[in-house]
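Undergrad: My questions all concern the structure below.
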């Protein structure tokens, strides 16, 4: 897995997931910015397996994380996103610990982004808007990951792509 500058892996673990009716084994990584699932896939019978990124999700786009403990088999980590109707399910013995880790990483990332927005907007000149509110801030969507970035930034706060 490639890390962005300043990004750190918090947790990683081998997991299983169901994709297109078959079980896929791989590794789930949680960094301070992203949740990534990489699986070993074989492109043909005579070629060795290669690692392929199956999911790369910024933690601020995680809307809900739960763990379920089925009657049979390993516990399941369920991850829901704000990117359409996307949901992921991973079988791991440490599903409850993953819920805590992902929630903590998401909250820390959102706090960092809010603090960066506050620094980027700086002091506002002129008269505040109605009822003492500040004038509305301008944000740009990153073309690569969709993260909202304050106007005036040259690079995305999440993925580092040029804005």
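The values are calculated or read from the model by the stated rules, or taken from the named source; none is laboratory data. The structure presented is a predicted model; accordingly, all values stated were derived computationally and were not measured. Reconstructed Cβ throughout: ideal geometry from the backbone, glycine too, with neighbour counts over all protein chains shown.
Undergrad: For residues that are more than 20 Å from the chain's Cα centre (by Cα) and not in a strand (DSSP E or B), scanning just segment 1-44, find the one that is nearest to residue 61 (Cα to Cα).
TA: Ranking the candidates gives 20 first.
Undergrad: Something else about it: Would you please name the residue that is nearest to the chain's Cα centre (by Cα), looking only at residues in segment 114-145 that are surrounded by 15 or more Cβ atoms within 10 Å (Cβ to Cβ) and at pLDDT 70 or above?
TA: Ranking the qualifying residues of segment 114-145, first place goes to 145.
Undergrad: Is at least one residue of segment 93-103 assigned to a strand (DSSP E or B) and either modelled with pLDDT under 85 or closer than 25 Å to residue 159 by Cβ (or both)?
TA: no
Undergrad: Restricting to segment 55-65, give me the number of residues that are surrounded by 16 or more Cβ atoms within 10 Å (Cβ to Cβ) and in a strand (DSSP E or B).
TA: Taking segment 55-65 first, the residues surrounded by 16 or more Cβ atoms within 10 Å (Cβ to Cβ) are 55, 57-62, 65.
Next cut, in a strand (DSSP E or B) only: 55, 57-58, 62, 65.
Count: 5.
Undergrad: Same structure again: Any residue at all in segment 74-89 that is loosely packed, with under 13 Cβ neighbours inside 10 Å, modelled with pLDDT of 90 or more and under 21 Å from residue 30 (Cα atoms)?
TA: No, because not a single residue in segment 74-89 is loosely packed, with under 13 Cβ neighbours inside 10 Å, modelled with pLDDT of 90 or more and under 21 Å from residue 30 (Cα atoms).
Undergrad: Mind counting the residues in segment 66-87 that are in contact (Cβ under 8 Å) with a residue 24 or more places away in the chain and in a strand (DSSP E or B)?
TA: The qualifying residues number 6.
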